Every structure is written in structure tokens, then in C-alpha cells.
1. In the stretch 63-102, which trypsin sites (Lys or Arg not before Pro) fall in coil by DSSP and have 12 or fewer other Cβ atoms within 10 Å?
2. At 1.4 Å probe size, with no ligands or nucleic acids counted, give the accessible surface of residue 75 in Å², nearest ten.
3. Which order do 47, 42 take by accessible area at a 1.4 Å probe, largest first?
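The values are calculated or read from the model by the stated rules, or taken from the named source; none is laboratory data. Note that the structure is a prediction, hence the values are computed from the model and not measured. No Cβ is skipped: glycine too gets one built from the backbone with ideal geometry, and neighbour counts run over all protein chains shown. Note: areas computed on protein heavy atoms with side chains; ligands, DNA, RNA excluded. Shrake-Rupley method; radii C 1.70, N 1.55, O 1.52, S 1.80 Å.
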Amino acid sequence: GFFYFFFFLFVRMRSPGFVCLFLVLLLVLGVSADSYMDTLFCGKENCYKVLGLKRDDANAAQIKKNYRNLSLEWHPDRNQSEQAKKEWLRLSNAYEILSNETRREEYHDFLDHPENWARGGVYAAQAEVGVVILGLLSVATALHYLNMRLNHNRFVVRY
């Protein structure tokens with residue numbers, strides 16, 4: 001509902017300043033930590049559960065064994081269903097993450113400290129809230145000034 005309201009205003013106003021403001025709002029409000037987190041590792045699923053393992057019991061040999069057993073069942077060459085393709089991608093992704101020691105350590109850090117990864121990574125800088133608000137207000141003020149200036153110029157040219 002929120003985006004439809006701004007899209008309606010965007011269509012009605014058609015000013016360059018409002019177009020820029022609309023795009024900035026889409027960027028700021030459209031990107032959320034949840035959507036970002038869904039793209040990391042196995043998304044909302046646990047990579048260990050995808051391979052039918054428990055984190056405590058998993059070692060390289062067990063990961064490889066479970067992956068091979070499941071891949072025999074779900075490989076697209078053996079199973080022609082649409083679900084098999086999706087399941088094969090899930091299995092391959094989980095195996096790719098857990099079979100690589102470095103990626104597995106990163107995944108463990110992700111499981112243990114998800115708050116670090118919600119910011120875009122472990123080493124992401126934290127910005128002060130006041131600086132972010134001041135920056136957004138500055139951008140909004142500049143866009144408003146640009147919009148008013150363009151509307152003034154259109155008015156002066158017409159009359």
C-alpha cells in the first residue's frame with residue numbers, strides 16, 4: 001500500500017525532483033535485512049538439515065556421504081520432476097557451503113551471530129543514526145529545492 005501511494009503521487013506530479021525522491025525512497029525502504037539474509041548461504045533453511053545432518057555430528061566424510069546418497073535420489077538425470085530440480089539446487093548449494101572448510105566456518109559464524117550478517121557482512125561499518133538522518137534530510141532538502149526551482153522556471157516561462 002505504501003509504495004502504491006507514492007507511485008500514484010509519482011504519476012500525478014511528474015516532476016524531476018519527485019522522481020528522484022521516489023527512487024530514493026524505493027532504495028531506502030525496499031532493501032531490508034530479511035531480503036538480504038535470504039540470499040546468504042542456504043537462505044532461511046539450515047544447510048545441515050538440507051543434507052540431513054546435525055551440526056555437532058557433521059564432518060567432511062559425513063557431509064560427502066549424505067550428499068552422495070541424496071544426490072542419487074534427486075539428480076535431474078535420474079528424477080525428471082520439477083521438484084527434483086529444485087531439490088538438486090538446494091542440495092548442491094548446501095554441499096558447496098559445507099564441503100569448503102572456509103565457507104563452513106563463515107556459515108557457523110552466520111548461525112552463531114546473525115546480527116553481524118544482517119548489516120551486510122561481518123566487517124560492515126555501523127553508521128551513526130544521526131548521520132544517516134542528517135544525510136537523508138540533506139538529500140530530501142536538495143531534491144525539494146530542485147523541484148521548487150524547476151516549477152518556478154516553468155511558471156515564469158508560461159506567464
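1. 78
2. Only protein atoms counted, so the area is about 60 Å².
3. Highest to lowest solvent-accessible surface, that is 42, 47.
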